[in-house]
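All remarks here apply to the structure that follows.
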Amino acid sequence: MATKDDVLAALDRITTPAGESLVALDVVRAVTVEAGRVRFVIEAPSPEVARVMEPVRAAAQAAVERLPGVTSVQALLTAPTQQKAPPQLKVGGHPTPQDGPKRVANVARILAVASGKGGVGKSTMASNLAVALARGGRRVGLLDADVHGPSQPRMMGASGRPASPDGKTIIPLLAHGVTLMSIGLMLDERKAVIWRGPMLMGALQQMLGQVAWDHHGGPLDVLVVDLPPGTGDVQLTLCTKAVVTGALVVSTPQDVALLDARKALDMFATLKTPVAGLVENMSLFHCPACGHEAHVFGHGGVAREAEALGLPFLGALPIDLDTRLGGDSGRPVALGDGAMSDAFAKLAARLVDDGFA
């Protein structure tokens, strides 16, 4: 059975018109190998270069298809796009130019944590994943992009208003080894955020571009972005304004949640954002008193969906009281020891190995 190293070795033998290998040029992204199915992205530096690299993409796909045990290969060719800019919007006195995706300063990778609907544990997943990555040695940031319902300050036990010494640069907070930014740190948590789309987009772009993500220990290896539920303005803004390495889609196993998860997956496909994989949350419940195992929301639906779509299934997590208590108290369960902490550590390690974190 082919491994990720086998895939990279095959791609190292594929050269561009300039005579350099794809691996040497560091243009291969998001390599995943799952039960014989291989996915990877070739990221050209510009649309002009991408147009002449289609034969290279085809050769790369053919080379990987020849590896033993490979049953299918999905090789994507992407490049940052530059679109004609409409008139600039003014949000809070700052212009928000409408242009193509760019890399965020001092951020190597962006991992978006998404869900089709609310109530599936997406924010809990984002906070614990960020902590697990930090405990594993990565320099990690956590951006709470759920502007209408920011919950990360509470979940990460962070309080206090971020400083801005020059009135432009925002100094983020540090919580449990994670660099943190949330609109919830700037507003009264008891007040509703009643903003239209342009204000949402402007706030997100300011948090991406004006936050000093390198303030606590240097440039980030990965910025985990906790997206709001659904497929709205914030998701569109993130994926069209910033270069997103991949998206992690969280769902519970029941049909109504999977229905909305499919919409989120379709959105990322439309926006050409790679999907890191799917996670089934609240997969089962272990009764602490009698040990009985109950599938409150069903079981295995996300794994079957991932298999049907040819996407990585990254694991199933149970309903867990300590996880809920940790989120309410501001001490994510990933900080401790035990089965849930181990599960988040395993998920974090998998995302690092796959190149998404």
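In this rough spin-label picture, where each label sits 7 Å from Cα along the Cβ direction, the ASP328-LYS346 distance is 2.7 nm. Per-residue 3J(HN,Hα) values for the range 237-251, derived from phi via the Karplus relation 6.51 cos²θ - 1.76 cosθ + 1.60 with θ = phi - 60°, read 5, 4, 6, 9, 9, 10, 7, 9, 5, x, 10, 9, 9, 9, 8 Hz in sequence order (x marks Gly and Pro).
Per-residue 3J(HN,Hα) values for the range 215-228, derived from phi via the Karplus relation 6.51 cos²θ - 1.76 cosθ + 1.60 with θ = phi - 60°, read 5, 9, x, x, x, 7, 6, 8, 10, 8, 10, 7, 7, x Hz in sequence order (x marks Gly and Pro). Distances between placed amide hydrogens fall under 5 Å for LEU77 paired with ILE42, all partners being 5 or more residues away or on another chain. Here MET199, MET53, MET282, MET1 are placed in order of increasing Cβ neighbour count within 10 Å, fewest first, which gives MET1, MET199, MET53, MET282.
Output the antiparallel fraction of DSSP beta bridges having both residues in the chain, as a percent to the nearest 5.
Approximately 30 percent, going by the DSSP bridge assignments.
Think of the chain as having a plus end and a minus end, set by charges on the Cβ of Lys, Arg, Asp and Glu; of LEU67, MET155, ASN106, ASN106 sits farthest toward the positive end of this dipole.
The tail of the calculated P(r) for the chain, taken as Cα-Cα distances beyond 32 Å, holds 32 percent of the pairs.
For GLN210, no residue whose modelled amide H falls within less than 5 Å of its own remains once neighbours fewer than 5 places apart on the same chain are excluded. Sorting ARG39, ARG154 from the fewest to the most surrounding beta carbons within 10 angstrom yields ARG154, ARG39. Placing dummy labels 7 Å off each Cα toward the beta-carbon, the span from ALA108 to LYS168 is 2.8 nm. Under a 5 Å amide H cut-off, with hydrogens placed 1.01 Å from N, GLY277 pairs with ALA247, VAL249 among residues at least 5 apart or on other chains. When LEU143, LEU278 are arranged by Cβ crowding within 10 Å, least crowded first, meaning fewest neighbours, the order is LEU278, LEU143.
For the range 174-187, backbone phi angles converted through the Karplus equation (6.51, -1.76, 1.60; θ = phi - 60°) give residue-by-residue couplings of 10, 9, 6, x, 10, 6, 10, 9, 8, 4, x, 7, 9, 10 Hz, Gly and Pro being listed as x. Ordering LEU227, PHE356, VAL28 by Cα displacement along the dipole of the chain toward the positive end leaves LEU227 in first place; charges were set at the Cβ atoms of Lys, Arg (+1) and Asp, Glu (-1).
Throughout, read-outs are computed from the coordinates displayed, never taken from laboratory work. Keep in mind that this is a model prediction, so the values were computed, not measured. FYI the Cβ positions are ideal-geometry reconstructions off the backbone, even for glycines, and counts take in every protein chain you see.
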